[in-house]
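Structure, as structure tokens:
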Amino acid sequence: MTIAQPSDIVLAVDAHLHAQRAELEGFIGELVGINSQIPPFGDERQIAGFLTDAATRLGLPGGDIVARDPHRPNVLIRSAGSGTGPRLMLNGHIDTKPVGDAGHLWNTDPLVATRIGDDIFGLGVSDMKAAIAAMLYATAAIKACGISLTGDVLLAFVADEEAGASFGSRFLAPQLAGQIDACLIGEPSGWTKDWEGIHLISRGLCGFLVRVQGTQMHSSLTDRMPSVNANMEMARLMLALKQDYSPAPIEHPLGPLAQTLNVGVTTKGGVFYGVVPGNATFGCDLRTVPGVTEESVHAFLDTWAEHNTTVGGPTVTIEYDDVLCWIASSEISVDHALVEAACSATTDVLGTAPPLSVFPGTTDAPWYDAVGIPTLPSLGPGILTYCHGPNEFVRAEAIHEAARIYARILLDFCGVQR
């Protein structure tokens, strides 16, 4: 059970955060202005250095840079408690997806935070620079108010979440095993509105290519000689796979857990006019849930490919992505102290706690879960629907709500030194 903190402590932290509202929004603007797109469009070096300097300026210990590759750094900022309380990591990724077509699809400059009404637009502002800023300011506010926690706080601002975490949480998690008792990731927790759920489950990911082998030949001869057009077969197989992989939802206390398969997230095939396509590939994005195993998915796909390979027809094979071939789903227990702290904090700030739910996407949670760190995969400002696309935004008030929520979770979960 979480322990409600004395009202004077909470009020002091709230007052400090209220006085910093303009500064916090300005800080997010600075984060958006730093290009931290995944390579080759950018990297995390500049934003990591900025966050390290900012921590010191806000009165927190200077951040440590931990990196598998110096071009893909992670920032760890540890605020030590008395050593008698639970240790909590607040986690957010500092990389973003690429801008895409900025000239035609974005209404504002994606690397300039632009406020329109109560919304702040910019690349990565929701996914997840607003949450990172709120975590940093919440932690600093507790320290500035002279409040000593019993448990350590670790701010982990990580690289490479958007491309598989090989340089980020996947690399960091084994090093943090035994040092952290729980983790909260500030992924945007709404899809139609802010604070739509306290997400206990992070869906897994299987990324794979379907390769179709046909007959490359002179296209003028198709009425005289047998041929297999790999592109035509690819189109047929895309529709077939979408229909054939349709497992029933898995029953769960949170409700039926459904998988999503997006077929044809990438396509490639053909040479030029005059040539029957001999090769074609289409990429697929499968999001899995607890109870679905890598072995069962691979068994289905390999059998499906074999079934669709025919004499006189296409040869079909499955190729699994080098990095995104399998990221497991993860789940935190409904009665975990961090979940209780999150419910208490959101009730206090928002008036009612969002329902316990399933995060639609895949997060860094499985990497920490795999080394014994229970992880809440999504509790943060923003709406997932507007991430990974043009005109990403976050509601300004949601940023300040996030800072107050994170501060309350730290006070409750880590405990206050009396």
Per the filter on the stretch 372-382, residues more than 22 Å from Ala345 (Cα to Cα) and in contact with a Leu (Cβ under 7 Å, 6 or more places away or on another chain) are none
If I go through the stretch 151-168 residue by residue, how many of them are more than 18 Å from Met135 (Cα to Cα), open to solvent by 10 Å² or more (accessible area, probe 1.4 Å) and in a loop (DSSP other than H, G, I, E, B)? 2
Arg224: of a type in the set (Lys, Arg), open to solvent by 30 Å² or more (accessible area, probe 1.4 Å), out of contact with any Gly (no Cβ under 7 Å at 6 or more places or on another chain) and not in a loop (DSSP other than H, G, I, E, B), yes or no? no
Can you pull out every residue in the stretch 370-418 that is among the charged types (D, E, K, R) and crowded, with 20+ Cβ neighbours inside 10 Å? Glu392, Arg395, Arg404, Arg408, Asp412
Just to be sure before I move on: is Lys129 open to solvent by 10 Å² or more (accessible area, probe 1.4 Å), closer than 22 Å to Leu88 by Cα and outside any loop (DSSP other than H, G, I, E, B) in the structure I sent? no
Testing Val292 on (1) open to solvent by less than 70 Å² (accessible area, probe 1.4 Å); (2) among the aliphatic types (A, V, I, L, M); (3) in contact with a strand residue (DSSP E or B) (Cβ under 6 Å, 6 or more places away or on another chain); (4) under 23 Å from Asp364 (Cα atoms), one condition comes back false. Which one is that? (3)
Return yes or no: is Ala353 closer than 11 Å to Ser330 by Cβ, out of contact with any strand residue (DSSP E or B) (no Cβ under 6 Å at 6 or more places or on another chain) and of a type in the set (A, V, I, L, M)? no
Okay, strands (runs of 3 or more DSSP E) sitting entirely in the stretch 19-94 with 1 or more residues that are modelled with pLDDT of 95 or more, open to solvent by 50 Å² or more (accessible area, probe 1.4 Å) and hydrophobic (A, V, I, L, M, F, W, C), I get 64-66
Would you check which residues across the stretch 173-221 are within 17 Å of Leu384 (Cα to Cα), open to solvent by 10 Å² or more (accessible area, probe 1.4 Å) and hydroxyl-bearing (Ser, Thr, Tyr) and list them? Thr192
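The values are calculated or read from the model by the stated rules, or taken from the named source; none is laboratory data. Note that the coordinates shown come from a computational prediction; the quantities given were computed from them, not determined experimentally. In this analysis, Cβ positions are derived from the backbone assuming ideal geometry, glycine residues included, and neighbour counts consider all displayed protein chains. We work out accessible area using only protein heavy atoms, side chains counted, and drop any ligands, DNA or RNA first. Shrake-Rupley method; radii C 1.70, N 1.55, O 1.52, S 1.80 Å.
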